[in-house]
Amino acid sequence: MLKTAEYVSIGHPDKVADFISSYLLDTLIQQDPTLKYAVEVMIKDNTVILGGEVNGYIKIDDISEIVKQALREIGYDEEYASVWKEKAIDINKLRVIDLIGIQSSEILQGVSQDGWGDQGVFVGYASQGEDLMPQDLGLARKLNNALYQKAKNSKHLGLDIKTQITLDEDGKILTAIVAIPMLKQEDLTDFVIDTLGQTPKQLIINGTGAYTYHSSIADCGITGRKLACDFYSTSCAIGGGSPWTKDPSKADLTLNLYARKLAKEYLKDNDECFVYLSSCIGKSELPSALVKTIKNGTFKFEDISVNLKPSEIIDTLNLRRPIFAQLCKNGLVW
């Protein structure tokens, strides 16, 4: 059976949107660790739209400058704009539309009583191998990260990068696909082979033949559209919503992370482990918690009890601190 996984860099417009929201959350949670936050982002051309709800003891002096700092952190800074000009997002021309309001008092009422800020279902996964993650996704991620670092140190390679790896039944790479902006052509064959540690049977770099226009100039970025890259690719169902736009009271963030933690703990000597959790808005008890393990093709199921309240799980994961931009960069490999 062939397996394929894709990964995108933090310079991809959807991930830029994720990162801006996570970066803003980091900025605000330093002022108020109990902040309530749910902010979605859309970015197109040089316009960023922020929409959502925030509650807390916070002060935002210049939200446009925070967005610019997030872009600089990614690498879309003033120097990048001078090199790529109209072919990429230009921080000098950035326009920010702020549509952030206040969290519903009805939601806040339940959260204040240590209930979850949303209902939903969540799936954690772990498998044998490096980082306890699927091999195809791990290789796509490794290659992408290496290309991103190379691009950050280059004057003619761009930051909006996609990688895709297809493995055969023996874990050998059949196909490696790379999309990376180039102002001038560069043969990346040896770099790809060295990074992957093997020679793909087929290597495709920029399949259309040319890739210069990129980032939000060539695409519209929206939060939460790259969860298969951030989570477990096709190895596991994706539950809940995006974790990168929420404070820890939201189950989309905390229970996705906690499910991953439990999956690593229950993996033991099994080939794969899946943890399924559910939540109810305003309630601390989880309606269900199930572990599924697979070993040598044999499935085992076990209902488990999660007796921790939301605040206790948040403290267990140490989430009341500015770590969300880094989590957004790394995905669930933690």
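Can you tell me the relative contact order of the chain? Whole percent, Cα pairs under 8 Å, sequence separation 6 or more.
Over the chain, the number comes to 27 percent.
Using per-residue counts of other Cβ atoms within 10 Å, averaged over each peptide, order 161-169, 267-275 from highest down.
So the peptides 161-169, 267-275, ranked by packing, come out 161-169, 267-275.
Assign one of three labels to the range 97-230, namely rounded, prolate or oblate, based on the Cα gyration tensor with a ≥ b ≥ c the square roots of its eigenvalues; rounded applies when a/c is under 1.5, prolate when it is not and a/b is larger than b/c, and oblate otherwise.
The shape class here is oblate.
For every helix of n ≥ 4 consecutive DSSP H residues, a contribution of -39,500 (n - 2.57) applies; sum these over the chain, divide by its total residues, and give [θ] at 222 nm rounded to the nearest 500 deg cm²/dmol.
Calculated from helices alone, the mean residue ellipticity at 222 nm is -9500 deg cm²/dmol.
With a ≥ b ≥ c taken as the square roots of the eigenvalues of the C-alpha gyration tensor of the chain, please select rounded if a/c is under 1.5 and otherwise prolate if a/b is larger than b/c or oblate if it is not?
It is oblate, given that a/c is not under 1.5 and a/b is not larger than b/c.
Treat each spin label as a single point 7 Å out from the Cα along the C-beta direction, and report the GLN30 to GLU285 distance in nm.
4.1
If contacts are Cα pairs under 8 angstrom and at least 6 residues apart, what is the relative contact order of the range 14-107 in percent?
Worked out over the range 14-107, it gives 33 percent.
Gain in length, VAL83 to MET1, computed as 0.36 nm per residue apart minus the alpha-carbon separation, to one decimal in nm?
25.1 nm
Which lysines does LYS93 reach when only Cα atoms under 23 Å apart count, and residues fewer than 8 places away in its own chain are ignored?
Candidates past the 8-residue exclusion: LYS15, LYS44, LYS68, LYS85, LYS152, LYS155.
On a straight-distance basis, which lysines could pair with LYS300 in a cross-link, Cα separation under 25 angstrom, same-chain partners fewer than 8 positions away excluded?
Hits, sequence-local ones excluded: LYS3, LYS261, LYS264, LYS268, LYS292.
Report the extension gain between ILE294 and ASP170 in nm, rounded to one decimal, defined as 0.36 nm multiplied by the number of residues separating them, less their alpha carbon distance.
Working it through step by step, the gained length comes to 42.8 nm.
Over the range 155-306, calculate the relative contact order: mean separation of alpha carbon pairs under 8 Å at least 6 apart, over the residue count, as a percent.
Result for the range 155-306 is 12 percent.
Figure the gain on full extension for SER112 and ASP219 (residue separation times 0.36 nm, minus the Cα-Cα span) and round it to one decimal in nm.
Full-extension gain reported as 34.6 nm.
Under a plain spin-label model, where a point goes 7 Å from the Cα along Cα-to-Cβ, how far apart in nm are THR208 and GLN326?
About 3.6 nm, to one decimal.
Per the Kirkwood formula on distinct C-alpha pairs, the Rh of the range 14-107 is how many angstrom?
Kirkwood radius, the range 14-107: 13.9 Å.
If you restrict to DSSP beta bridges whose two residues both lie in the range 14-107, what percentage is antiparallel, to the nearest 5?
55
Modelling each spin label as a point 7 Å along the Cα-to-Cβ direction, I'd like the THR189/LEU308 distance in nm, to one decimal.
5.0
Every read-out reported here was derived from the displayed coordinates using simple, explicitly stated rules and does not represent laboratory data. None of these values were measured; they are calculated from a predicted model. In this analysis, Cβ positions are derived from the backbone assuming ideal geometry, glycine residues included, and neighbour counts consider all displayed protein chains.
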